[in-house]
Amino acid sequence: MFLTDKYGRDIHDLRISITDRCNYKCVYCRSGNNGPSFAELAIADYLRMVRVFVGMGITKVRLTGGEPLLRRGLVEMVTELSQMKTLAGRPLDIAITTNGHLLAELAKPLADAGLSRVTVSMDAVEPQHFARITRVPNGYERVAAGIHAAQRAGLDPVKVNCVLLRGFNDDQIAGFGRFAREEGVVVRFIEFMPLEEDRVWSPEIVITLDEIVRRMGDFMPLREIEHQRSETARRYVFADGIGEIGIIAPVSHPFCGQCSRIRVTSDGKIRTCLFSVREHDLAGLMAEGASDEEMSDFIRQAVDRKEARHHIGEPGFVAASRTMVHIGG
Ligand code: SAM
């Protein structure tokens, strides 16, 4: 009944992109060009897909993009998701990853609709630096207001994700340490992966887990705490116990062996890995009038082909067939 791949990994975490449009043009992610590249489905189509996945053992759904808060009908979608039950009869764990630009207005409606958690992406704690990265003026104030609105709405703890690039924003490490402690958010650093539109990735640009721990230690030492096996982030607290930092290290400490994820793109294609070079057209099957059972069979076949691991940094690495913004982070 449950979704398990041929390596014995249980798949219970669905990430679904509901648009690949974004109101930010983060320099390490996008080329700076405007406009969507891939289609969007009707919200009802995503909901039908989610229902089928949940019937196969999915317990957690993360809405992402592009920027998911740009999508009309998002609050209603969360209301519908909050009424679904896992196979164990429990409510779904519903999360959103957002750049936070529109969160101040939407945090409360989303929380009221049944959202469990929100992760806000933020790559600098200095407003001017933030604007240089996102290529949007005055975004920092809006995102900070969004984080506070999320906390007031009870979406606690708010997680803040930051991608560090050498020589670009790695001077923000201590600032993020201070931010985590003062704002009561969990700051999680994500190692930069070769999934950007401009193909600027190189191993030298990546600030690795070990380096982050070492450099944060100059601000205040970190102590590692226990994390669940299925969790992607290693967890740390500061020496005095105030403030939590997470580090997601797919490059230096890959966790593919514990991967529990499957993704659906905004145009309804299943991706079994961020680095997939092949997709599975679930939307196309739906458009042909497939039954829920046929969709389940199709999903099972896709999961059977889930990649063992990624090959970042290895000779012969083949780039993913889409970049992050068009997959859904
Ligand atoms: N717009 C939303 C946001 O900003 O969170 C959702 C989509 S965004 C693509 C999701 C996450 O992917 C962000 O935290 C972003 O920093 C991260 N990301 C983008 N490109 C990346 C890369 N090449 N390596 C690692 N993370 C990346």
Among the residues of the range 249-308, which ones are polar (S, T, N, Q) and touching a helix residue (DSSP H, G or I) at 6+ places or on another chain (Cβ under 9 Å)? S252, T265, S266, T272, S276, S296
Filter the range 1-22 for residues that are closer than 25 Å to I205 by Cβ and in a loop (DSSP other than H, G, I, E, B); which is nearest to the ligand (Cβ to nearest atom)? C22
Close pairs from the range 58-76: first closer than 24 Å to S260 by Cβ, partner away from the ligand (no atom under 16 Å from the Cβ) and not in a helix (DSSP H, G or I), Cβ under 6 Å, at least 6 apart: I58/H12; T59/H12; T59/T86; K60/D93; V61/L92
Any hit, the range 276-288, residues being farther than 18 Å from E191 by Cβ and either within 13 Å of the ligand (Cβ to nearest atom) or in contact with a Leu (Cβ under 9 Å, 6 or more places away or on another chain) (or both): yes
Within the range 127-135, identify whether any single residue is more than 16 Å from E183 (Cα to Cα), touching a residue at least 12 places away in the same chain (Cβ under 8 Å) and within 11 Å of the ligand (Cβ to nearest atom), and answer yes or no. yes
Of these, T98, T79, which one is among the β-branched types (V, I, T), touching a helix residue (DSSP H, G or I) at 6+ places or on another chain (Cβ under 8 Å) and under 30 Å from H129 (Cα atoms)? T98
Which ranges mark the helices (runs of 4 or more DSSP H) fully within the range 31-113 that have 1 or more residues being hydroxyl-bearing (S, T, Y)? 43-54, 74-82
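Each value in this text was obtained by applying a stated rule to the coordinates, not by laboratory testing. Predicted, not measured: the structure shown is a model, and the values here were computed from it. For neighbour counting, all protein chains shown are included, and Cβ atoms are generated from backbone atoms with ideal geometry for every residue, glycine included.
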